[in-house]
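Colleague: I'd like to ask you about the structure that follows.
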Amino acid sequence: MSDRVTGAKAPAGDGGEGAIAWPPRKDANYSLFVMTIVVLFTVLDRTVLSLLIVPVKEDFGISDTQAALLMGAAFSLPYGAAGIVLGRMADSGIRKNLIAWSIAFWSFSTVACGGAQGFPSLVIARMGIGAGESGYGPAAWSIAADYWPPEKIAFATATMGMGATIGTGLALFMGGAVLQLTSGLPPMEIAGLGVIRPWQWTFIIVGAPGLIWALAVMTTREPPRRGLPIGQAAQKVPVKETAKWIMDDWRSYLATVGGMAIKAMLLAVPLSWNSTLIYREFHWPLAKIGMVTGTVAIIVSPIALMLGAKVSEIWTRSGRNDANLRIVFYGTLATVPLMIISPLIPNPYLMISCNALIGFVGMIGFGPSVAAFQVITPNHMRGQIGALTQFSNHVIAFGLSPLIVALFTDYLFRDEAALKYSMALNAIIMGTISLFVIGQGLKPYARSVERAKRDFPN
């Protein structure tokens, strides 16, 4: 068997001079493994807070709206702002180095959450997590597109997506386990730092390993950039040129980038509020909620991710140019009614089962959604457009959707017990918009893929 990712030679790119072999399979697989663990840490560190909202509210005396700002805007605003700068760096610099420094920074910030002495200091530490995590996405996605042929990009991004889903599950499971282990401990006074409450050990325990994994990132190889003339180094592309590229193909990017963002506004709500909903509705201990829902996420989502990647590969090989976006559309179409129903279910086990189905159907489209904009974007713009995608997903989606639900609860229904109605209302609104935005782009996207095959082959 060949030790290459694919046995064929790739076209040299726009320069048309010679041919560039795909990198060795072992390098591609090792890089994908390391980057998947990087993604695991991103989601682990950002998600664990959702399980801890109840003790944070009790100890720091904050409202649902303040909790939503902590989960959303405190993370997403720095994420989006830093991501624009780091995305440009990913288009011209050494991408693995950027990822290594990013994971070290956000892991340190996660540990710092464990030392927060009040709402303001927790917000600052949370902002550090957001700024640090913005560096991995554009760089990691760009690396994947240079290691794997077009029909395999969804496989690579779906594999990294497994890191995200396992990280979500681990955040809930480990958070629940640590809460159970530390629930009987008194607050500890640490000289020079202050009081460490039992729940804060969760941040310290999940954040520390990322500092070590930054060293593993440095052991990967940086792949050559494809789609460029042989011998030409990557150069920074002016933002104006990238903006013109997007505007000339605005319907495809509205569907791939905008549709992904609105779908994220749909999916971010259960990620942020499900633990609190189950606690309020059924009075389960937080440790039990975390361990049960975390186990479900770890089991269900990876299967869906690989299924979506396989369907993408089969459809792409058969000549369906809209394969990636169509998978996203069908997955969203199936997810929306389930998300409207789920928070209204009066039984905790049935609700968790419905959420498992939502996780399965929703995750089918994750790999194809990232591959969708990668395959229609020139190499030297992928970092910037990846940063735009991150900005849309995190500043707009993860920043606004938890807050929208909290505002519905605090100011429309004026009752914390109405959280379930707020979540259902959000699913109706965001689900309808996402289906329209993605659906309008199916035909333009197919044309964009055809153009990409012609103008900048891998």
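We did not get these values from a lab; they are worked out from the coordinates using the rules stated. Because the structure is predicted, anything quoted here is derived from the model rather than measured. Ideal geometry is used to build each Cβ from the backbone, glycine not excepted, and the neighbour counts take in all protein chains shown.
Colleague: Rounded, prolate or oblate: which fits the range 379-426, taking a ≥ b ≥ c as square roots of the Cα gyration tensor eigenvalues, rounded meaning a/c under 1.5, else prolate when a/b beats b/c? Please report the intermediate quantities before stating the final value.
Modeller: On the way: a/c = 6.38, a/b = 4.29, b/c = 1.49.
Prolate.
Colleague: In nm², what is the average projected area of the convex hull enclosing the Cα atoms of the range 261-302?
Modeller: Averaging across all directions leaves 3.3 nm² for the Cα convex hull.
Colleague: Helix 382-391: angle to the longest alpha-carbon principal axis of the chain, degrees 0 to 90, nearest 10?
Modeller: The two axes meet at around 20 degrees.
Colleague: Cα axis of helix 442-455 to longest principal axis of the chain: angle in degrees, 0 to 90, nearest 10?
Modeller: 50 degrees
Colleague: Another question, then. Once you order the gyration tensor axes a ≥ b ≥ c over the Cα atoms, which shape class does the range 303-431 get: rounded for a/c under 1.5, otherwise prolate or oblate by comparing a/b with b/c?
Modeller: Cα axes put the range 303-431 in the oblate bin.
Colleague: Mind checking the angle between helix 150-182 and the chain's longest principal axis? C-alpha axes, 0 to 90 degrees, to the nearest 10.
Modeller: Result, in degrees: 20.
Colleague: Between residue 26 and residue 317, what is 0.36 nm times their sequence separation minus the Cα-Cα distance? Round to one decimal in nm.
Modeller: Details: separation 291, 0.36 × 291 = 104.76 nm, distance 2.35 nm.
Here the answer is 102.4 nm.
Colleague: Let me ask you something else. Residue separation times 0.36 nm, minus the C-alpha to C-alpha distance between residue 429 and residue 340: what's the value?
Modeller: 31.1 nm
Colleague: For a test of the definition: using alpha carbon positions, the gyration tensor, and the 1.5 limit on a/c, classify the chain as rounded, prolate or oblate.
Modeller: Numbers: a/c = 1.92, a/b = 1.48, b/c = 1.30.
Note, shape of the chain comes out prolate.
Colleague: Right, here's the next one. Rounded to the nearest Å, what's the spacing between the alpha carbon centres of the range 246-290 and the range 18-47? Just the number, please.
Modeller: 25 Å
Colleague: Going by average Cβ neighbours within 10 Å, how do the peptides 217-223, 286-292 rank, with the highest at the top? Working shown, then result.
Modeller: Numbers: 217-223: 16.9, 286-292: 21.6.
Highest-to-lowest ranking by the protection proxy: 286-292, 217-223.
Colleague: Roughly how many whole Å is it from the C-alpha centroid of the range 181-213 to that of the range 294-359?
Modeller: 35 Å
Colleague: On a full-extension model of 0.36 nm per residue, what is the gain between residue 353 and residue 181, subtracting their alpha-carbon distance, rounded to one decimal in nm?
Modeller: 59.3 nm
Colleague: Further question on the same structure: Work out the FRET efficiency for residue 451 and residue 195 from their Cβ-Cβ distance, taking R0 = 60 Å, and round it to the nearest 0.05. Don't skip to the answer; put the middle values down first.
Modeller: Details: r = 59 Å, r/R0 = 0.99.
That gives a FRET efficiency of 0.50.
Colleague: Now for a separate question. Just to be sure I understand the model, the point goes 7 Å from the Cα along the line to the Cβ. What's the resulting residue 412 to residue 216 distance in nm?
Modeller: Computed distance between label sites residue 412 and residue 216 equals 4.2 nm.
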